[in-house]
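First up is the structure itself, then whatever we jot down about it.
Every number in this text was worked out from the coordinates using simple rules, so none of it is lab data. Fair warning: this is a prediction, and the values are worked out from it, not measured in the lab. Cβ coordinates were reconstructed from backbone atoms using ideal geometry, including for glycine residues, and neighbour counts include every protein chain displayed.
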Amino acid sequence: MTISCRSGEDQSGGLEITITLTALEAEAMGTDATLMAEIFDSYLWAMGMLRTGRNSRDPGTPPPTPGDWLAALRGLDRLPTRFQGIRDGLIRACTAADGSLERLANVMNISRSAARHRRTRITRHAPKPWEQWARTPSSRP
């Protein structure tokens, strides 16, 4: 997977973000890749509205309406559980590959004892539904 960004005149002063998946990644993620991209789009839209006080997706960029705020929130509320499932799956995979506790703590920006606790909590039990979702290939788009 690669992410590229282009800004400048070609984008009317904006920023173009392109996410390219390999064939293997696209097949494994299937329709979930599109869903995650749409949720990420909602995050950027919401952050833009919060920072500017404007809805750039409506003609004339008016102030956001209550419906705009709710539409953005609907998309945002779907991501934390998915991120947690991916994170837990990565911790479980790193542990299975004999990854070091110190490196785990460093990349997660937490203490070794907190990393040990999190790793133990995750690996002691079977994967939860969102971790299973993260590990299960999706249907093809």
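Figures for the structure shown
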{"item": "Criterion: more than 14 Å from the chain's Cα centre (by Cα) and loosely packed, with under 11 Cβ neighbours inside 10 Å - qualifying residue of Leu15, Leu101, Leu21", "result": "Leu15"}
{"item": "Verdict on Pro80 being out of contact with any Phe, Trp or Tyr (no Cβ under 6 Å at 6 or more places or on another chain) and closer than 30 Å to Ser56 by Cα", "result": "yes"}
{"item": "Number of the exception - Arg6 against (1) over 24 Å from Thr136 (Cβ atoms); (2) in contact with a Phe, Trp or Tyr (Cβ under 8 Å, 6 or more places away or on another chain)", "result": "(2)"}
